[in-house]
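The values are calculated or read from the model by the stated rules, or taken from the named source; none is laboratory data. All values derive from a computational prediction rather than experimental measurement. Counting neighbours? That spans all protein chains shown, and the Cβs are built from the backbone with ideal geometry, glycine included. Please note that ligands, DNA and RNA were not included when accessible areas were found on the heavy atoms of the full protein model with its side chains. Shrake-Rupley method; radii C 1.70, N 1.55, O 1.52, S 1.80 Å.
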Amino acid sequence: MVKEENESPNRPDNTAFTQQRLPAWQPMLSAGIVIPGFVLIGLAFIGIGVALLITSRNIQVLELDYTGTEQNSPCFQCSDPDQQDCVCTLQFSINSLFEGPVFFYYGLSNYFQNYRRYGVSRDDGQLYGDLSYFKEPYDQCEPYRFDRNKRPIVPCGSVANCIAVYTFRLFQIVNGQQKEVPLDGKGIAWWTDYNIKFRNPTVTPLRNAFNSTAKPLFWPRPAYELDPSDPANNGFINQDFLVWMRRAALPDFRKLYRRITEGDYANGLPAGNYSLEIAYNYPVLSFSGRKMVVFSNVSWMGGKNEFLGIAYLVIGTLCVVMSVVMLIVYAKFKFPEED
Amino acid sequence: MLNRAVHAVHVHKQLVLLFIMDKDSAESGLTWQVRANQRCYHKRQQKKSFLGLRWGRCSDNQVRSYKYSVLTFLPMTLFEQFQRAANLYFLFMMALQCVPIISSIQWYISIIPLLLILSVRGVKDLINDMGRRRSDAEVNSRPCDVLVSQSFTTLHWKDLCVGDIVRIHKDQTIPADVVLLCSSEPHSLSYVETADIDGETNLKSRQALAATHDRLTSEPSECLLANFDGVVFCEEPNDGMYAFRGQLHWRGERFLLDIEHLLLRGTVLRNTLMAYGLVIYTGADTKILRNCGKIRAKRTRLEKTLNRVVIAIMVFLLLAVLLLAIGCAVFTSRVMIHKGFLSALVINGDPVYTGFLVYWSYFMLLSPAVPIMLYVTFEMIHTFHSKFINWDLEIYWSQTDCPAQARNTSLCDELGQVEYLLSDKTGTLTQNRLLFRQCCIAGEIYGDSSARAEDIEPMDLTWNPFSCGGLYMWAPALVERLRVQQCPTVRRFFTALTVCHTVMAQWKDDAPVYQAASPDEEALVGAARELGWVFLSRTRDDMVISEMGVTRHYKLLALLDFTSHRRRMSVLVREPEGALKLYCKGADIVILERLQRDCPHLESTEQALELFSKACLRTLCIAVRSVSETSWEQWSRTLARAAAMPTFDRNALLEKLHDEMEQNLQLLGVTAIEDRLQEGVPETISLLKQAGIKVWVLTGDKKETAVNIGYACKLLDPDTRLLEWQELRQILQSPDPGGHFHKIKHTELWAVEKDKAGVQTAVVLTGPELTDFDQRPEWGAKFMSLARQCQTVLCCRVTPGQKADIVTLVRKHTSSITLSIGDGANDVNMIKTAHVGVGLTGVEGGQAVQSADFSLSRFRFLQRLLLVHGRWSYQRISLFLRYFLFKTCSFALVHLWFGIFNGYSAQSLYETWFIAFYTTFYTSVQIFFVAIFEKDVSAESSLRWPELYKCGQRQELSGPLVFTSLLYALYASLVLFFIPCGVYYNTAVDYQTMAVTVSMAAVFTANIEIVLLTRHWTKFNIGAMCVSLLLYFICSRITHSKFLFQSAPADYLFYGASDEAFTDPVVWLAALLTAWTAVLPSMTFQALDVIRTVHDKHKVHSMSHQPVELRSQCKRKTSLCHSSFTINQGPV
């Protein structure tokens, strides 16, 4: 063998690779595999779809629109953009127990938080607590980088500037008395956001870090005074701020505001009448947006989502129909008409 | 002292003379002046170049085929690469990304693939160029003897200069175009072999001027040559290979020079001990280098489709981007002009300007849809496919240790789409080895051609000291007759064979080696040698022959040479005994009409002729005539007179004279030579015909030979009707060629076969007839539509140029892929012209292989090359192409739909790193392995069912299907966006989670699609699949990790997104649903295909494969193939 190789140096190697004879698995598909396969996959999809739909149907959702475009809406007065510090109250009732834990969202529609130049208009260095960015914010923050007095804005940029600083207070009306429902604002943001992505500068007291900076133009209060009730919930790690800074995927979105997990309401909202006090301070009519609040409980799949279940059902059914078509085609080929 | 003064005067005189001569030479167009032995003068005139400026007159003798130098490499390679539209596009893209206001994705997203592409191409070019430099250096450093100050010194070729006197040894290649001054042979004759130039293996003689011969060879040559001070005035360098005009001015006399005095660069000196010459043209000025046109870069049809697709994608993108930009402007003006949260972001408060900027942003964002990586991967796959051809043991020829070779690595897929195979005959279909198989002497047939040549038991020829084998004939009776020496006809027959030819004998190891202008002659003289009639040597007018051991001298009086018109040759010799004899051999028709009356054995000889031609043997009649002294004297006087006449009159007279002499011949016998087919040729041709490939034969040989070979190799069926020029002309002239052709098919000529449906027709053309096509360009299309209905087309007597013209004709009037196959330098032109050129490594020069795209050792390897390698390559590459377009477009076009939901703001739906990795890591390796290993059917099956090949000819996989896959990609992009969009609409899910969902769905889609495409799962496929999927999850975790975020917060914004998403069941459910829905059409289509083909496969399997019957040519009409061959001038 060795001798032979010496005699013919140009002889190609006789290996499985060079001779294209690599061992291989060649699945031989046939109608007997393909059609039942389609049926099985279709059935599986239908199964998943049904499960999803049932789960979704079991989730209770209460949506309340308070944009105030309609005359009869309690917030009609407040929807005028010139109004300042307007408060409106929304009355609603629950017929049966709204099972807990209840999640309290606020919703906006037609609000393009995913607009590109809006999205990049933020300074992650600043938000990470890096003081060097307090003096010279990232240039993508324009036009919310410096205020009129050339003071750097902290936090700079469009996202932070447009924060929808809402205050909602929920009351249950028990015997004509308003009983405030405790709202839990802890842990509504992502763990990574709260603990790593966003950080306050290591300066105490916090406000010193913001010396010679300006608050965002739309903000009523500077960042270090976002939550007067809880000093730990201020600066960049304020939960509401964190939720807002996590951009929504699509122009109609919800954001988690609070959870109702405490006291008498740990098991949910009992049936009865409620009133929601809204500090209406974010005009949306200019971009034909709508505002709403949503109460919902959650399952293993999160909030209510009918689309997913229906889509699974549709695709599953389609697969089954397809397999029937295939069966017909198969029969046509197997038993040609001339017989 | 005195000597020097005399010399000076002499030089002065000569300069004055030169000046005068210069003037009138210039008037006659001879402006190129070469002064012998004046190195310094010519050195000054040499071309020099600096920074692109060139001056000087003549080039030096250096070959420079390399393209780059150290300085020019980078700019030139970049310039070349940016001529490709996609590369330029991406360069533009990169420039755009540096503008922060429009940069929608980071700059590294496109610089990574671009750099990769540029460096891969650059390195490849560099390696090729190094190879060229190496081969240049090899040529440039070849030795040659140059006369430098009174003695010959060995210099390199590159140091040679115009005006040098060179000495060329036997078997040396001539280094430049040289005027022959003298040689070691009598009359300063020298012989050159021009195989490397025109493919003709016969020797050509060149002769020096009588003046230089006489005066330069009388004394020790070096001294004389050193004093040679002639000046040559000749044409400027040109590309005419067969013409040269010049004058030698020497010692006050003028001598005319023509091509007979010129030794061309690249030819080889043979049979001449030494030749001395004056260098006229060097390097780039030489005729051969002027002639070698630039090699055209061949681009495959698939690559053209690919370019068209890329351009289509770009146009589509431009339109889509325009719509998006308009959308953005409208959105901006409608929503943002009002007071709102976004209004501050309108740049300069101008919606049109914002729209303009968004236009470029989208341009960038959608750029991944232009598959830039495709080109690089394409090249890598092609390289592998050509490697597989090089590695294949089935097409490795062990006898010469020669594997197949894909010299052009980018044409493999064309091999799977060939529709026209244009083949040379000599050396390609046949072995170019002619065997003396039979003869008929005095009506008696010797030898048997029914057995194969190899099976014939060799005769005992030990009695003959000159025998060296190579006679495949069993005829002990003949040997007996020869040895007994009783039969005079047999003796005369063999004397004729040994005397009547133009072969030259060379002595090697005490045995004569024959060098002949045509292989026929070589076979005849060789056969005579084996049987004891040995041609020993020849001079100008003397031939030495050993007849059964007795050496005899024949005085050669006249040689009546062969022409294609005369179809015979004769020699007039004076035998040692003093008698005058004319020996003649030629085509049967010509000889038979010149025989004396009542020639004996005529009838039996004619029968033998018929028998031989039925067995596809080339026949030649041999005849003799005694010439009386008186008629010879008279004849030779007229001949001498003719020599003094002007050319035209002379030729006419010569013809008459020759005709006069070749009369009243006495028939001696007939020789039968077998033109051996290469093994496996008929089987291969029949297989290729079944595969729908039209095989045409283009040959320099005569019509009869070509037709005969056509029958022998199953190209023509026994009952095929041959359509010749007269009929073809009528058909082409008629207004409706199709109808006319149909009519002709059913005329009374066809009455016999009328009942036979689908009778076959073949066209036979000759070179001179082809020239009519030049004058009537409208015939081309008619001819091609006719030829498409015919079985084959045989073109005979065509020149290399015409071979290429036929290829061009086919290329022009059909959209089919043509493949030329040949082995000689005469095929180079057609090999270069065809889409795919295949060269056979054979005996001839190797020129064909040099310019071919693929080289094979045997014609029969073509079946594996086309039906297996070509088919696989085509299948794999079109699969790859379609998949690649699908995966990039479906992935990138998602942004079109996302734009509607984000205010047309060019927001990316993917993380930037994902965009960078998607094409490179997550989806490329799998398809790469599919494109290398995929086999839909095994090699054995592809050969067994050649019909499978037709799919490539119809471009089933690469034509409209490519656009279908683009539509499919569009659909997939819709699904990829809208299902997650539906799931996440009006929910609390953030942008990053949605981005991860869509990217996950995109990766799943791409991988499921691969699973659907792969039929042949090797361990590499499975491994690549798993690794890529794993890589997606690992890379996502890495780019979304805390470490990277902390090092650069602005670049790794997705920190935490995948942790959240990968643990969310909704994300998984949404991604799976999306991926499944995206591949559903492909899945359904494939499933239906499976169901349908179960039926078809049944049909394919039940089809029986009939073996090719080899010897059926005897059935055919003998009148058609009554062969009449004579000494042909070798392949033209």
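Regarding segment B:1020-1038, can at least one residue be identified that is within 8 Å of chain A (Cβ to nearest Cβ), among the aromatic types (Phe, Trp, Tyr) and part of a helix (DSSP H, G or I)?
yes
Of everything in segment B:1028-1043, what is touching a helix residue (DSSP H, G or I) at 6+ places or on another chain (Cβ under 7 Å), surrounded by 15 or more Cβ atoms within 10 Å (Cβ to Cβ) and of a type outside the set (Phe, Trp, Tyr)? Give them in sequence order.
Correct list: B:SER1028, B:LEU1029, B:LEU1031, B:CYS1035, B:SER1036, B:THR1039, B:HIS1040, B:LYS1042.
Say we look at segment B:364-375 and pick out the residues that are more than 12 Å from chain A (Cβ to nearest Cβ) and of a type outside the set (Val, Ile, Thr); which of these is farthest from B:THR300 (Cα to Cα)? So that I can check it myself, show each step before the final result.
Restricting attention to segment B:364-375, the residues satisfying the condition of being more than 12 Å from chain A (Cβ to nearest Cβ) are B:366-375.
Checking which are of a type outside the set (Val, Ile, Thr) leaves us with B:366-369, B:371, B:373-375.
Values: B:LEU366: 28, B:SER367: 25, B:PRO368: 24, B:ALA369: 23, B:PRO371: 18, B:MET373: 18, B:LEU374: 15, B:TYR375: 13 Å.
Step by step, filter segment B:364-375, then rank; the result is B:LEU366.
So which residues in segment B:870-895 are closer than 10 Å to B:SER965 by Cα and open to solvent by 10 Å² or more (accessible area, probe 1.4 Å), if there are any at all?
B:ARG882
Could you list, in sequence order, all residues of segment A:131-145 that are open to solvent by 60 Å² or more (accessible area, probe 1.4 Å), without any contact (Cβ under 8 Å) to a residue 24 or more places away in the chain and in a loop (DSSP other than H, G, I, E, B)?
Residues satisfying the conditions are A:GLU136, A:TYR138, A:GLU142.
For segment B:92-190, which strands (runs of 3 or more DSSP E) that fit wholly inside it have 2 or more residues that are in contact with a Gly (Cβ under 6 Å, 6 or more places away or on another chain)? Step through it out loud before you land on a result.
Numbers: elements: B:143-148, B:151-156, B:165-169, B:177-183.
Filter on segment B:92-190 gives B:177-183.
Is it true that B:ASP129 is under 34 Å from the mean Cα position of the chain (by Cα) and within 30 Å of B:ILE372 (Cα to Cα)?
Criteria met by B:ASP129.
Among B:THR539, B:THR619, B:THR605, B:THR551, which is the only one that is open to solvent by 10 Å² or more (accessible area, probe 1.4 Å), hydroxyl-bearing (Ser, Thr, Tyr) and either within 17 Å of B:VAL490 (Cβ to Cβ) or modelled with pLDDT under 90 (or both)?
Selected residue: B:THR539, the only one of B:THR539, B:THR619, B:THR605, B:THR551 that is open to solvent by 10 Å² or more (accessible area, probe 1.4 Å), hydroxyl-bearing (Ser, Thr, Tyr) and either within 17 Å of B:VAL490 (Cβ to Cβ) or modelled with pLDDT under 90 (or both).
Here is a check on your reading of the model: is A:LYS304 among the basic types (Lys, Arg), open to solvent by 40 Å² or more (accessible area, probe 1.4 Å) and within 26 Å of B:PHE978 (Cβ to Cβ)?
Spelling it out, A:LYS304 is indeed among the basic types (Lys, Arg), open to solvent by 40 Å² or more (accessible area, probe 1.4 Å) and within 26 Å of B:PHE978 (Cβ to Cβ).
What's the number of the condition A:MET28 fails, among (1) more than 44 Å from the chain's Cα centre (by Cα); (2) away from chain B (no Cβ under 11 Å)?
Here A:MET28 meets the rest and fails (2).
What residue, of B:PHE388, B:PHE356, B:PHE378, is within 13 Å of another protein chain (Cβ to nearest Cβ) and either part of a helix (DSSP H, G or I) or at positive phi (or both)? Steps first, please.
Details: B:PHE356 fails: within 13 Å of another protein chain (Cβ to nearest Cβ); B:PHE378 fails: within 13 Å of another protein chain (Cβ to nearest Cβ).
None of the others qualify; the one that does is B:PHE388.
Given (1) touching a Gly at 6+ places or on another chain (Cβ under 7 Å); (2) aliphatic (A, V, I, L, M); (3) closer than 30 Å to B:ALA834 by Cα, identify the lone condition not met by B:MET473.
The failed condition is (3).
Out of A:ARG122, A:ARG151, A:ARG169, I need the residue that is within 16 Å of A:ARG247 (Cβ to Cβ) and among the charged types (D, E, K, R). Which one?
Sole residue among the options that is within 16 Å of A:ARG247 (Cβ to Cβ) and among the charged types (D, E, K, R): A:ARG122.
Hey, among B:VAL166, B:VAL123, B:VAL146, B:VAL139, which residue is under 30 Å from B:PHE917 (Cα atoms) and not aromatic (Phe, Trp, Tyr)?
Result: B:VAL123 is the single residue among B:VAL166, B:VAL123, B:VAL146, B:VAL139 that is under 30 Å from B:PHE917 (Cα atoms) and not aromatic (Phe, Trp, Tyr).
Select the strands (runs of 3 or more DSSP E) contained entirely in segment A:247-331, then report the ones holding at least 2 residues which are within 13 Å of another protein chain (Cβ to nearest Cβ).
Filter on segment A:247-331 gives A:253-260, A:290-297.
Could you tell me how many of the residues in segment B:59-99 are modelled with pLDDT under 80 and in contact with a strand residue (DSSP E or B) (Cβ under 8 Å, 6 or more places away or on another chain)?
1
Which residues, taken from segment B:258-272, are modelled with pLDDT under 85 and either more than 14 Å from B:SER188 (Cβ to Cβ) or not hydroxyl-bearing (Ser, Thr, Tyr) (or both)?
At the first step, the residues of segment B:258-272 found to be modelled with pLDDT under 85 are B:258-260, B:266, B:270-272.
Within segment B:258-272, B:ASP258, B:ILE259, B:GLU260, B:GLY266, B:ARG270, B:ASN271 qualify.
I'm told B:THR987 meets every condition in (1) more than 25 Å from B:SER386 (Cβ to Cβ); (2) away from chain A (no Cβ under 14 Å); (3) without any contact (Cβ under 8 Å) to a residue 12 or more places away in the chain except one. Can you identify the failing condition by its number?
(2)
Across segment B:1000-1009, what is the number of residues that are open to solvent by 10 Å² or more (accessible area, probe 1.4 Å) and within 14 Å of chain A (Cβ to nearest Cβ)?
Result for segment B:1000-1009: 1.
Conditions: (1) at pLDDT 90 or above; (2) open to solvent by 10 Å² or more (accessible area, probe 1.4 Å); (3) within 13 Å of another protein chain (Cβ to nearest Cβ). B:LEU323 meets all but one. Number of the miss?
Condition (3) is where B:LEU323 drops out.
Could you say which residue among B:GLN405, B:GLN417 is away from every other protein chain (no Cβ under 14 Å), over 30 Å from B:PHE90 (Cα atoms) and in contact with a Leu (Cβ under 9 Å, 6 or more places away or on another chain)?
B:GLN417
Somewhere in segment B:654-676, is a residue outside any helix (DSSP H, G or I) and within 20 Å of B:GLU947 (Cα to Cα)?
no
Run down B:CYS889, B:CYS981, B:CYS951 and say which single residue is within 40 Å of the chain's Cα centre (by Cα) and within 30 Å of A:ILE310 (Cβ to Cβ).
Working: B:CYS981 fails: within 40 Å of the chain's Cα centre (by Cα); B:CYS951 fails: within 30 Å of A:ILE310 (Cβ to Cβ).
After ruling out the rest, the residue left standing is B:CYS889.
Going through segment B:918-941 one residue at a time, which ones are of a type in the set (S, T, N, Q) and more than 21 Å from B:GLN1086 (Cβ to Cβ)?
Of all residues in segment B:918-941, those of a type in the set (S, T, N, Q) come to B:919-920, B:923-924, B:926, B:938, B:941.
Passing the criteria: B:THR919, B:THR920, B:SER924.
When you scan segment B:876-904, how many residues do you find that are within 14 Å of chain A (Cβ to nearest Cβ) and either among the acidic types (Asp, Glu) or farther than 30 Å from B:THR383 by Cα (or both)?
Going through segment B:876-904 one residue at a time, the tally reaches 10.
List the strands (runs of 3 or more DSSP E) inside segment B:402-446, counting only whole elements, that have at least 1 residues being on the phi < 0 side of the Ramachandran plot, polar (S, T, N, Q) and over 15 Å from the mean Cα position of the chain (by Cα). Lay out the reasoning, then the answer.
Details: elements: B:418-424, B:430-441, B:444-446.
So the answer is B:430-441.
Among A:ILE48, A:ILE54, which is open to solvent by 20 Å² or more (accessible area, probe 1.4 Å) and within 10 Å of chain B (Cβ to nearest Cβ)? Walk me through it before giving the result.
Numbers: A:ILE54 fails: within 10 Å of chain B (Cβ to nearest Cβ).
Criteria check complete, one pass: A:ILE48.
Condition check ((1) in contact (Cβ under 8 Å) with a residue 40 or more places away in the chain; (2) in a strand (DSSP E or B)) across all residues:
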| residue | (1), (2) |
| --- | --- |
| B:GLU222 | yes, no |
| B:LEU225 | yes, no |
| B:ASP229 | yes, no |
| B:PHE233 | yes, yes |
| B:ASN238 | yes, no |
| B:ALA243 | no, no |
| B:GLN247 | yes, yes |
| B:PHE255 | yes, yes |
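Taking the stated definitions as given, is B:PHE928 touching a helix residue (DSSP H, G or I) at 6+ places or on another chain (Cβ under 7 Å), under 22 Å from B:PRO113 (Cβ atoms), part of a helix (DSSP H, G or I) and assigned by the TED database to the domain that holds B:LEU1072?
So B:PHE928 fits the description; yes.
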